[in-house]
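Following: one structure in structure tokens, then a few remarks.
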Amino acid sequence: MSLYLGLDLSTQQLKGIVVDSDLNQVEIANVEFEVDLPQYKTVKGVYANPKTKEVQAPVVMWLDALDLLFQRLKAKKSFDFARIRGISGACQQHGSVFWNAQAPAALANLTKGSSLCSQLKESFAWDVSPNWQDASTAKECAQFEAAVGGAEQLATITGSKAHRRFTGPQILRVQHQLPEVYAATDRVSLVSSFVASVLAGAYIDIDESDACGMNLWDISKKEFVPKILALFGDTAKIAKIVGHINQDGKTPVARINPYFVQTYGFSPECAIVPFTGDNPGTILSLPLKPNDVIVSLGTSTTALVVTHNYAPSSLYHMFAHPVVPSAYMGMLCYCNGSLARERVRDEVNGETTSKTWDKFNAIAESYISSGKTLALDEHKIGFYFPLNEIIPTVDACQVRLTWDTTTGDAKVSSKSDKFTDVKEDVIGILESQALSIRYRLDGMLTSANHRPRRVYYVGGASQNPTICAALSRVLVPSAGSYRVADMKDACAMGAAAKAVFGCNDESGTSWEEFLEKRMPDDRFNRVDGELDLTKDLYGQAAVDLFVRSEKESFGL
Ligand code: ADP
Ligand code: XUL
């Protein structure tokens, strides 16, 4: 039986899922950077410098992680690498790896006997990779937007306004701050094409879907944006180091490098199917229909939707679909997701060191059953940003607003960094996170009532049905909310599915048919059984109050 490997190189860990051609999980292994590779002294996988707003990861740590992951799989009894027919991956988006001119030869000559790290460590022009949490490029972002006439224009062309974490502004900052690194750079990979290049033993082109996270790629014209390349001065150099963008997400691009054949027993025929970003990878894990939304409740929160309608806006992101040529992925990405909810949980738990969600959930459940909303019944909206936030782009802050609605035109009656009762924060954070998604998703949905059809919850906090129900109470998906039983690893699973699809020429089978056949409805659990989805408790009034609260708090 042939097997397929899906890799997920995320912020904190490298995960590998092995599946059969029906997407049944056969094996799983992971490497947690902070815990398993303590010699790199990262905190949650990165080095953060709050002064400069830089957040970076050591590149060679990922090479050690790759060797360790394969060693862990090898240690599993009866696991046979020779059965793996194809590998794909989904990796944290936006991060960049700066290779130097020694890299092509070093990659081509990898041999058994010493680690990837020792054989490749001299092949980088820069030893770190800026991470998606890096916010050091405010100046470069302004230049990107000015080059094309503003944020909205840049969003129209590249699918997103300028974002500090996006790779284009990050590369421009390297050129400004570290000209010697830029001069020594032979090639820039995204994290996805970096891992694919190591496995292939040669540079692998950047995948188009992931390239949409760079602010360099014109999604409609399918070319680099000349006015943006001009910001780098020598346009030939920037075009060369970024390389060709691969618009075919399906067809294998290489066979595995002999190093992996010799060291771990892979078959020399094992194919490398293009790697993509972790969010594009996540949409590949579920058979999405129009207006279905995936809400990923990991460290960050993301909301993802597949559409055939290219409707860019500076409020969100649009990416080329990682597999279906005519489709797009719409995305919202928030920095403050799980960690912000954990803060509220810890406050509610009080002096204890308990990390249980029991009290948090009990408060949320009693509020849900009361039929009330904090926004409309108490006129309260909070913003919970212990970390710098992306949507909206603001520095870390806590804001709690209470509105006086007794006069015709509502006015803020109190603004503070705390509500008087911490219980209100439980509802406040869930409502605020969901109202922001509801407001921004609106432009991407094509349903008549502008509501999602289904919402699928994935990621760590999707294990908490109370949180899912509280969010769905705001999002009111017309066909319910689901979580996939046993699928904590949607992103790695999406990558594995891509590997199966890429290696099996099912002549003419569309991606949708391929996935639907393997993901029947009984794989999903309903998580909002008690909610009455015919009622929209929040409605436009709550969205309007939320938007006014953002304006009031952040001047947006
Ligand atoms: P990553 O995005 O880094 O891959 P995960 O998807 O594993 O992370 O999500 C990790 C987060 O999930 C943790 O920070 C934690 O707050 C949250 N989480 C895990 N279990 C629960 C739970 N039962 N209730 C609420 N949150 C949870
Ligand atoms: C997306 C983003 C994050 C990272 C997380 O734009 O920055 O979701 O991809 O790994």
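The values are calculated or read from the model by the stated rules, or taken from the named source; none is laboratory data. Just so it is clear, the model here is predicted, and its values are computed rather than measured. Methodologically, a virtual Cβ is constructed for each residue, glycine included, from the backbone with ideal geometry; neighbour enumeration extends over all protein chains shown. Note: accessible area is taken over every heavy atom of the protein model, side chains too, but ligands, DNA and RNA are not part of it. Shrake-Rupley method; radii C 1.70, N 1.55, O 1.52, S 1.80 Å.
Tabulated values for the structure
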| read-out | value |
| --- | --- |
| Mean separation of Cα contacts under 8 Å (6+ apart) over length of the chain, as relative contact order % | 15 |
| Rounded accessible area per residue of the chain, 1.4 Å, Å² | 37 |
| Within the chain, helix-based [θ] at 222 nm, where runs of 4 or more DSSP H residues each add -39,500 (n - 2.57), nearest 500 | -10500 deg cm²/dmol |
| DSSP-defined antiparallel bridges as percent of all bridges, the chain, nearest 5 | 75 |
| FRET E, pair Thr352, Met1, Förster distance 56 Å, beta-carbon r, rounded to 0.05 | 0.70 |
| Local electrostatic count at Asn291 - Lys and Arg +1, Asp and Glu -1, tallied over other residues with Cβ under 13 Å | +2 |
| Heavy-atom SASA rank of Leu69, Leu339 (probe 1.4 Å, accessible area, largest first) | Leu339, Leu69 |
| Protein accessible area in the chain, 1.4 Å probe - carbon and sulfur % | 51 |
| Amide H within-cut-off set for Cys212, under 5 Å, with H built and near neighbours excluded | Ala320 |
| Dipole of the chain, positive end: most advanced residue of Leu37, Asn246, Cys491 [Cβ charges, Cα centre] | Leu37 |
| Mean separation of Cα contacts under 8 Å (6+ apart) over length of the stretch 247-404, as relative contact order % | 15 |
| Among Phe554, Gly459, Tyr259 the positive-end extreme of the charge dipole of the chain (Cβ point charges) | Tyr259 |
| Folded to 0 to 90 degrees: helix 191-200 orientation relative to the chain principal axis, Cα | 20 |
| Packing-based ranking, highest mean first, of 386-393, 271-278, 257-264 given that Cβ atoms within 10 Å are counted | 271-278, 257-264, 386-393 |
| Under the Karplus curve 6.51 cos²θ - 1.76 cosθ + 1.60, θ = phi - 60°, whole-Hz ³J(HN,Hα) for the stretch 48-62, x wherever Gly or Pro sits | 10, 10, x, 5, 8, 6, 7, 9, 9, 10, x, 5, 5, 4, 5 |
| Degrees, to the nearest 10: 138-148 long Cα axis against longest axis of the chain | 90 |
| Point-charge dipole on Cβ atoms (K/R +1, D/E -1) for the chain, about Cα centre, debye to 20 | 360 |
| Relative packing of peptides 151-163, 244-256 - highest average C-beta neighbours within 10 Å first | 151-163, 244-256 |
| Local net charge near Ala211, Cβ-Cβ under 15 Å (Lys/Arg +1, Asp/Glu -1) | -4 |
| Whole-Å distance, taken between Cα centres, linking the stretch 143-205 and the stretch 256-292 | 23 |
| Antiparallel %, DSSP beta bridges [both residues in the stretch 3-280], to 5 | 70 |
| Residue-count net charge about Val412 - beta-carbon cut-off 12 Å; Lys, Arg +1, Asp, Glu -1 | +3 |
| Ranked by how many other beta carbons lie within 10 Å on average, peptides 316-323, 452-459 from highest | 316-323, 452-459 |
| C-alpha center-to-center spacing [the stretch 344-372, the stretch 385-452] in angstrom | 19 |
| C-alpha long axis of helix 465-475 to longest principal axis of the chain, angle in ° | 70 |
| Eligible lysines near Lys359 by straight Cα distance, threshold 28 Å, same-chain separation 8 or greater | Lys44, Lys372, Lys380, Lys415, Lys418, Lys423, Lys488, Lys535 |
